[in-house]
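As structure tokens, the structure follows; a few thoughts come after it.
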Amino acid sequence: MEIARTRVDLDAMIDRSRPVVLVPTMGALHDGHASLMRLARERAGADATLVVSIFVNPLQFGPDEDFDRYPRTEEADLDVCKREGVDLVFAPGVEEMYPTGVPHALDADPVTVHPGATADILEGASRPGHFRGVLTVVAKLFGLIRPDLVVFGEKDYQQLALIRRLVDDLCLRVEVVGAPTDREPDGLARSSRNRYLDDEQRQQAVTLSRALRAAQERASYGVPAARWAAMSVIKGEPAVELDYLALTETNLSTPPDYPEPGSEGRILIAARVGTTRLIDNMPLVFGGGG
Ligand code: AMP
């Protein structure tokens, strides 16, 4: 396994004679990230060049967010990558990705990606500018690595939807694969931020996935019943401070209260447990009444 820290290293090390498949991450790798690497390998084939990028992207963090304290565990991350048969890790520094400075201000000089209206709801409403940062760094990674296929997790469902739009709308010619959310045995979605939780908060955090499952079970009775089921689970755990709970169509638009029987939707949640902000989502199948 090789490690490239600059674009010059990257160009020297990447084997473009084989299909290139990319798994972008911010490091602090856990089994969820490993499941993406396995899916990437499975989809691209044994002879593909499997690249994992590790970059904590300052542009997607707001001024009051956890950029400085975001976990950085490079040695352990490289072990995970080795174990999963990664060929090349791209781990650039901030100055390599933003040579003229991080363009936080909207009137900064470098070109950035304007993500459109879907970026203003849900995560985007709580984290202004977040998806501009995500899509900008993803576009740069695509330009540097030029992957044939990329894998992103459904764990960040709105992000996955926006990356599909980035690729379609800007004609980027890369295949986007969504990977199912990998969970702890009790249902908690694996996340790099779970390590901020103490033992008590870790128990409380499972409330998020329990609420989503409760909604799944009631979705056949329509949107209001499913929402009520999820909300009653959340209200049962006062330590969980809800940011949003949204039931949507699969493209994140607002569904009618009683969607067509058999139609699919999504439930998405964001909440704080202590100071840690967690997100999760699950698929829904509406209608039918039974
Ligand atoms: P991050 O390092 O948090 O930016 O995540 C890198 C990629 O891993 C993103 O595509 C995430 O959606 C994905 N990911 C994070 N957690 C999980 C999980 N529990 N299961 C599957 N994919 C995940």
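The values are calculated or read from the model by the stated rules, or taken from the named source; none is laboratory data. Treat the numbers as computed from the prediction; the structure is a model and nothing was measured. When we count neighbours, we look across all protein chains shown, and the Cβ atoms used for this are built from the backbone with ideal geometry, even at glycine.
A few remarks follow.
- Test set (1) away from the ligand (no atom under 11 Å from the Cβ); (2) surrounded by 15 or more Cβ atoms within 10 Å (Cβ to Cβ); (3) on the phi > 0 side of the Ramachandran plot - Ala28 fails condition number: (1)
- Subset of the range 179-200 (residues that are away from the ligand (no atom under 16 Å from the Cβ) and surrounded by 18 or more Cβ atoms within 10 Å (Cβ to Cβ)): none
- Any hit, the range 37-52, residues being in contact (Cβ under 8 Å) with a residue 40 or more places away in the chain, surrounded by fewer than 19 Cβ atoms within 10 Å (Cβ to Cβ), out of contact with any Phe, Trp or Tyr (no Cβ under 6 Å at 6 or more places or on another chain) and in a loop (DSSP other than H, G, I, E, B): no
- Here Leu106 passes the criteria (1) among the hydrophobic types (A, V, I, L, M, F, W, C); (2) in a loop (DSSP other than H, G, I, E, B); (3) in contact with a Leu (Cβ under 8 Å, 6 or more places away or on another chain); (4) closer than 30 Å to Ala246 by Cα except the one numbered (3).
- The lone exception for Val8 - which of (1) over 20 Å from Val134 (Cα atoms); (2) among the hydrophobic types (A, V, I, L, M, F, W, C); (3) surrounded by 15 or more Cβ atoms within 10 Å (Cβ to Cβ) it fails: (3)
- Enumeration of residues in the range 16-33 that are within 17 Å of Cys81 (Cα to Cα) and either in a loop (DSSP other than H, G, I, E, B) or over 24 Å from the mean Cα position of the chain (by Cα) (or both): Met26, Gly27, Ala28, Leu29, His30
Conditions (1) more than 12 Å from the chain's Cα centre (by Cα); (2) assigned to a helix (DSSP H, G or I); (3) under 24 Å from Leu10 (Cα atoms), marked per residue:
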{"position": "Ala125", "(1), (2), (3)": "yes, yes, no"}
{"position": "Val150", "(1), (2), (3)": "yes, no, yes"}
{"position": "Gln158", "(1), (2), (3)": "no, yes, no"}
{"position": "Ile163", "(1), (2), (3)": "no, yes, yes"}
{"position": "Cys171", "(1), (2), (3)": "yes, no, yes"}
{"position": "Asp186", "(1), (2), (3)": "yes, no, no"}
{"position": "Arg202", "(1), (2), (3)": "yes, yes, no"}
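- Close pairs from the range 14-25: first of a type in the set (Ser, Thr, Tyr) and within 16 Å of the ligand (Cβ to nearest atom), partner in a strand (DSSP E or B) and modelled with pLDDT of 95 or more, Cβ under 8 Å, at least 6 apart: Thr25/Val52; Thr25/Ser53; Thr25/Ile54
- The residues of the range 224-249 that are among the acidic types (Asp, Glu) and either in contact (Cβ under 8 Å) with a residue 60 or more places away in the chain or assigned to a helix (DSSP H, G or I) (or both) amount to a single one, Asp243.
- Taking the criterion of being out of contact with any Phe, Trp or Tyr (no Cβ under 6 Å at 6 or more places or on another chain) and either outside any strand (DSSP E or B) or without any contact (Cβ under 8 Å) to a residue 40 or more places away in the chain (or both), the residues of the range 1-13 that qualify are Met1, Arg5, Thr6, Arg7, Val8, Asp9, Asp11, Ala12, Met13.
- Enumeration of residues in the range 102-140 that are in contact (Cβ under 8 Å) with a residue 60 or more places away in the chain, aliphatic (A, V, I, L, M) and buried (at least 21 other Cβ atoms within 10 Å of the Cβ): Leu122, Val134, Val137, Val138
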